[in-house]
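Take a look at the structure below.
The values are calculated or read from the model by the stated rules, or taken from the named source; none is laboratory data. Note that the coordinates shown come from a computational prediction; the quantities given were computed from them, not determined experimentally. Don't worry about glycine lacking a Cβ; one is built from the backbone with ideal geometry, like all the others, and counts go over all protein chains shown.
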Amino acid sequence: MKVGCVKEIKNNEYRVGMTPDNVKSYADAGHTVYIERDAGIGSGFTTEEYEKAGAVILDTPKEVWDTCEMMIKVKEPLESEYSYFRKDLILYTYLHLAADRPLTDAMLSSGIRGVAYETLIERNGSIPLLSPMSQIAGRLSIQEGAKYLEKPFGGSGVLLSGVPGTPKAKVVILGAGSVGTNACKIAVGMGADVTIMDINLERLAYLDDIFGARIQTLYSTPSNIQSQLAQADLVIGSVLIPGKAAPKLIKKEYLKDMKPGSLIVDVAVDQGGCCETTRVTYHDAPTFEVDGVVHYCVGNMPGAVPRTSTIALTNATLKYGLQIAGKGLEKACLDNDVIFSGINTYDGFSTCKNVSDSYGMDYKNIKELIK
Ligand SMILES: NC(=O)C1=CN([C@@H]2O[C@H](COP(=O)(O)OP(=O)(O)OC[C@H]3O[C@@H](n4cnc5c(N)ncnc54)[C@H](O)[C@@H]3O)[C@@H](O)[C@H]2O)C=CC1
Ligand SMILES: CC(=O)C(=O)O
């Protein structure tokens, strides 16, 4: 198959969909790989390294989009890329369609076959193409949280660990999955007072086993959330219902009870955010304030540490990517039905139930289209 990879064009996005090592794996399997010149430069991979690994280097994104049969990216395509969509193209990337109606419409009207990293769910319930970036975003959420709590950055001026004789900062984590667990690990490591909430009691039991008395676990209900927010210095929004818009657990009215200069890092912003007052921000201006509460809502947090993120992401995407390129999307699904769950759009049909439900759109079971 002809496989392509272009430079990411989202604001301050430095990750890339393929490393030179990936190129070698695809080339060894008999595929031709087309890479846009300088696509990997933000992650520290030079064009010469891609060439040495066997890639064909093309000068413009248009040449790569038009030549390839399967495009491997990181972030959702932006409007300027919609014109490259076509029916016989497989797009393998993050899509987050429930938070992006224009992209959903463009994908459906073009007939492109969109495989979304964030909805491909393994038999054990894990989300293997999301979790590496969730691990990174979870860890970063505390690092960024610590920074934006500093007074010169607009925060309340609280140090996460405190020092002897002063209170520790209180960190409240909403959602105890990959992001939440990794946020918890770093917040505990930095010496904060950590409460983590979920509706999944098994997850809370697991974290209780791992962290013991160093954390408080709490069942997630509206009243528990409201009372925790009133005490919090730093809140991490890390809930997910795969494919769906994030539930708005933090109501605007809760903000008035929060401490001035407290901070909400809404990691779930890529699915629309779990806070009513969330709006997307970028690394160059990551925060804004509502009712005295600072919000950090960057939709591509791992893009800030692209070297680590690109390697972690492509470690996970390679396995499924090689199956799709090697067998074609249809046979890859029939041989490994896990891949069905990644397909969000196919020949003009919306094939992810949670995306369809988010828009009240017709849904088509992908297994009726690929038999
Ligand atoms: N902004 C960014 O750069 C990034 C954002 N993300 C996003 O972070 C979010 C979380 O991802 P993961 O941790 O991988 O998901 P996950 O599926 O591992 O964990 C989500 C958790 O939310 C819990 N949950 C669902 N409803 C809840 C409720 N009402 N109250 C409390 N908990 C609830 C689930 O039980 C689950 O444990 C996703 O939207 C993901 O796309 C991930 C990576 C980077
Ligand atoms: C998951 C996601 O949105 C990201 O890594 O940018």
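List of remarks:
To keep it simple, each residue is scored yes or no on (1) on the phi < 0 side of the Ramachandran plot; (2) in contact with a Lys or Arg (Cβ under 9 Å, 6 or more places away or on another chain).
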position	(1), (2)
I127	yes, no
I136	yes, no
L140	yes, no
K147	yes, no
G165	no, no
G191	no, yes
M197	yes, no
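- Among the candidates G155, G162, G125, the residue that is part of a loop (DSSP other than H, G, I, E, B), without any contact (Cβ under 8 Å) to a residue 24 or more places away in the chain and of a type outside the set (D, E, K, R) is uniquely G125.
So that you can scan it fast, the table gives a plain yes or no per residue for (1) farther than 19 Å from N12 by Cα; (2) away from ligand 2 (no atom under 12 Å from the Cβ); (3) basic (K, R); (4) in contact (Cβ under 8 Å) with a residue 60 or more places away in the chain:
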residue	(1), (2), (3), (4)
V290	yes, yes, no, no
N300	no, no, no, yes
G303	no, no, no, yes
T310	no, no, no, yes
L313	no, no, no, yes
L322	yes, yes, no, yes
C333	yes, yes, no, no
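- Taken over segment 94-132, the criterion of being near ligand 1 (Cβ under 9 Å from one of its atoms) and surrounded by fewer than 18 Cβ atoms within 10 Å (Cβ to Cβ) is satisfied by G125, S126.
- Taken over segment 30-59, the residue count meeting the criterion of being buried (at least 16 other Cβ atoms within 10 Å of the Cβ), β-branched (V, I, T) and under 19 Å from P306 (Cβ atoms) is 2.
- The criterion of being in contact with a helix residue (DSSP H, G or I) (Cβ under 7 Å, 6 or more places away or on another chain), within 8 Å of ligand 1 (Cβ to nearest atom) and modelled with pLDDT of 95 or more does not hold for T195.
- Only one of D270, D233 that is in the same structural domain as M197 (by TED's automatic domain parsing), in contact (Cβ under 8 Å) with a residue 60 or more places away in the chain, near ligand 1 (Cβ under 9 Å from one of its atoms) and among the acidic types (D, E): D270
- Filtered residue count, segment 243-267, keeping only those that are touching a residue at least 40 places away in the same chain (Cβ under 8 Å), more than 22 Å from P302 (Cα to Cα) and either in contact with a strand residue (DSSP E or B) (Cβ under 7 Å, 6 or more places away or on another chain) or within 9 Å of ligand 1 (Cβ to nearest atom) (or both): 4
- Of all the listed residues (L149, L140, L159), the sole one being of a type outside the set (G, A, S) and within 16 Å of ligand 2 (Cβ to nearest atom) is L140.
- Any hit, segment 44-55, residues being under 28 Å from I127 (Cβ atoms) and touching a residue at least 24 places away in the same chain (Cβ under 8 Å): yes
- Comparison of L329, L322, L313 shows that the only residue that is assigned by TED's automatic domain parsing to the domain that holds H31 and within 19 Å of V179 (Cβ to Cβ) is L313.
- Complete set of residues in segment 266-297 that are outside any loop (DSSP other than H, G, I, E, B) and either of a type in the set (D, E, K, R) or in contact with a helix residue (DSSP H, G or I) (Cβ under 7 Å, 6 or more places away or on another chain) (or both): D266, V267, D270, Q271, T287, E289, V290, V293, V294, Y296
- Residue that is farthest from ligand 2 (Cβ to nearest atom) [pool: residues in segment 11-23 that are surrounded by 18 or more Cβ atoms within 10 Å (Cβ to Cβ) and not aliphatic (A, V, I, L, M)]: P20
- Members of segment 133-143 found to be near ligand 1 (Cβ under 9 Å from one of its atoms) and either of a type outside the set (V, I, T) or under 18 Å from D291 (Cα atoms) (or both), listed by number: M133, S134, Q135, A137, G138, L140, S141
- Screening the candidates A187, A146 for the property of being assigned to a helix (DSSP H, G or I), away from ligand 1 (no atom under 16 Å from the Cβ) and hydrophobic (A, V, I, L, M, F, W, C) yields one hit, A146.
- T317 meets each of the listed conditions (1) under 28 Å from R101 (Cβ atoms); (2) within 12 Å of ligand 1 (Cβ to nearest atom) apart from (2).
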